[in-house]
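Nothing in this text is a laboratory measurement; each read-out follows from the coordinates by a stated rule. Just so we're clear, the structure is a prediction, and the values are computed from it rather than from any experiment. For neighbour counting, all protein chains shown are included, and Cβ atoms are generated from backbone atoms with ideal geometry for every residue, glycine included.
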Amino acid sequence: MVIEEMPLLWITYDELIPLNVPGLNDDVEIYVKDLVDKGIDAVVSASEHLGSKESRFMEIREDILSNANEVFSVLTGFNFEFHDELFIKDLRHHYRNIAEGVKRMMLISITLALADYLRKRGRSPIIFIENFEASLHVDYVNDALTRFRDYEFPIVIETHNASYLSTQPLINLSTT
């Protein structure tokens, strides 16, 4: 795959900006509250060519959300639910009423699940996380950095804290 064709999932402080992602316009800003409706749903619709097979669409959507929730639970100890909006199940809070670090981990978790979905369909993305440690507890940062090694696509982080680089081994990413 030519680098210009690779999907990029760019995480800013509180939004996802997809570039070259099937079903999404480049430079659209998707905030946490819209990640399911405007992110996952659009990508699944564009990738699967399901037509009127709504049950298959919902199955794929639930699989992505289940994967995201598994990552979110490992990283934060919480679970989320999606009905019409996102809720933190364990705290019984709407996403608007939770700490910024938990919201950020939700954004990262859902983006990782979406990226893994794209990878399985031959559209392996690059994830770029801007100002990675912003609003995150140290244990969230360390757990996320450890978890990132499990993915089969590159995850690039930008940080203002070099101490994280000394606590985690650097991984040489090759294009082979």
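Among the trypsin sites (Lys or Arg not before Pro) within region 40-74, which fall in a DSSP loop and have no more than 14 other Cβ atoms within 10 Å of their own Cβ? Answer in residue order: Lys53. Between the amide H of Val156 and those of Ile127, Phe128, Ile129, distances stay under 5 Å, these residues lying 5 or more places away or on another chain, with hydrogens modeled in the peptide plane. Bridgeable aspartates and glutamates around Lys120 (alpha carbons under 17 Å apart, same-chain partners fewer than 8 residues away excluded): Glu5, Asp41, Glu48, Glu59, Glu62, Asp63, Asp150, Glu152.
Please report the relative contact order for region 3-167, taking Cα pairs under 8 Å with a sequence separation of at least 6, and give it as a percent rounded to a whole number. Could you put the intermediate results ahead of the total?
Numbers: 232 pairs, mean separation 39.0, N = 165.
With pairs under 8 Å counted, the relative contact order is 24 percent.
DSSP beta bridges confined to region 3-167 are antiparallel in about 60 percent of cases.
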